[in-house]
1. Which FRET efficiency value, to the nearest 0.05, is calculated for residue 162 and residue 231 with the Förster distance at 45 angstrom and r the Cβ-Cβ distance?
2. Taking Cα atoms, how many degrees apart are the long axis of helix 199-225 and the longest axis of the chain, rounded to 10 and kept between 0 and 90?
3. Taking springs between alpha-carbon atoms closer than 10 angstrom, which of 97, 114, 61 fluctuates most in the Gaussian network model of the chain?
4. List the lysines whose Cα lies under 28 Å from the Cα of residue 202, skipping any in the same chain that are fewer than 8 positions away.
5. Please give, to one decimal in nm, the separation of the simple spin-label points placed at residue 194 and residue 126, each 7 Å out from Cα toward the Cβ.
6. Give me the log10 of I(q) over I(0) for the stretch 43-136 at q = 0.16, 0.23, 0.25 Å⁻¹, as the Debye formula computes it from C-alpha points; what are the numbers?
7. Measure nothing but the geometry: give the 0 to 90° angle between the long axis through the Cα atoms of 25-34 and the longest principal axis through the Cα atoms of the chain, rounded to 10°.
8. Among 142, 59, 177, which one shows the biggest mean-square fluctuation in a GNM of the chain, springs joining Cα atoms closer than 10 Å?
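The values are calculated or read from the model by the stated rules, or taken from the named source; none is laboratory data. None of the values given here were measured: they were computed from a predicted structure. Quick reminder, even Gly has a Cβ in these numbers, built from the backbone with ideal geometry, and neighbours come from all protein chains shown. Side chains are part of the model used for accessible areas, which takes the heavy atoms of the whole protein and leaves out ligands, DNA and RNA. Shrake-Rupley method; radii C 1.70, N 1.55, O 1.52, S 1.80 Å.
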Amino acid sequence: MSKYSKAYFNPYSDSFSCRVAIVSPEVLQEAEQRLAEFPGGMESAMKRAMARATAYLRTQSTREIRKKYDISRKAIRAEQNIKVSYRYFNGVEAKISFRGNKIPLFRYGGASPSQPTVNPEKTVMAIINGNLRPVHPGIAATGHQFLSTAPTTFSRAFVAQMQSGHIGIFERTGGRTATGDAEIKEIMGSSVPQMLGGDEVKERLGEQAMSKFEERLMHEVDAIVKGWVSV
């Protein structure tokens with residue numbers, strides 16, 4: 001099996017794409033011959049094998065991230081941030097994309113409080129709907145990204161819920177919104193591409209996934225030929 005990979009970078013967003021080609025004439029020829037009597041069989045076998053390879057890639061990428069970052073599998077959302085597409089023409093070429101926005105700090109482990117919570121023992125003046133009013137401030141939020149560090153308390157940050165239902169850790173910017181209210185911004189962690197580290201890591205994961213694809217292809221061919229799965 002021979003492979004090549006070519007990386008594509010986007011300097012304006014958190015994304016990384018690479019193309020990995022698998023050129024295995026013997027394997028593909030054998031698969032085509034065995035499935036010659038099954039219309040659509042080759043495409044079906046490749047689709048199933050690629051689904052296995054994609055699942056493997058997402059699992060391995062998540063494991064790589066969680067070696068260093070305090071974040072759950074669910075919060076990483078690999079199914080949204082790691083994509084694989086492929087084409088079949090005299091071989092197989094897959095495009096693997098790692099992308100996504102920065103993940104809210106609230107999704108990482110160690111974030112607290114777990115929901116918006118005010119400090120009833122303290123009162124501050126805040127502009128609400130254009131008017132200065134006394135309010136109870138939110139309890140200082142705590143959070144971190146790395147397993148190797150203890151959660152940090154942000155004295156000027158608090159947990160809040162937006163009208164959309166989104167909950168996050170926010171801090172005041174010192175500015176004002178168009179309605180005159182105090183402007184706030186959410187504290188974010190890293191994106192999936194950033195957490196995976198250097199581009200060589202992403203390329204290595206991509207190549208491992210394509211090796212898994214080739215490994216699974218003949219299993220899927222066998223399943224079709226033996227009638228275990230339908231085309």
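1. After rounding to 0.05, the efficiency reads 0.40.
2. So the helix axis and the longest Cα principal axis differ by about 50 degrees.
3. So, out of 97, 114, 61, the one fluctuating most is 114.
4. List returned: 3, 6, 47, 67, 68, 74, 83, 95, 102, 212.
5. Taking the simple label geometry, residue 194 and residue 126 are separated by 2.6 nm.
6. Summing over Cα pairs of the stretch 43-136 leads to -0.81, -1.15, -1.26.
7. Around 70 degrees separate the two axes.
8. Top of the fluctuation ranking is 177.
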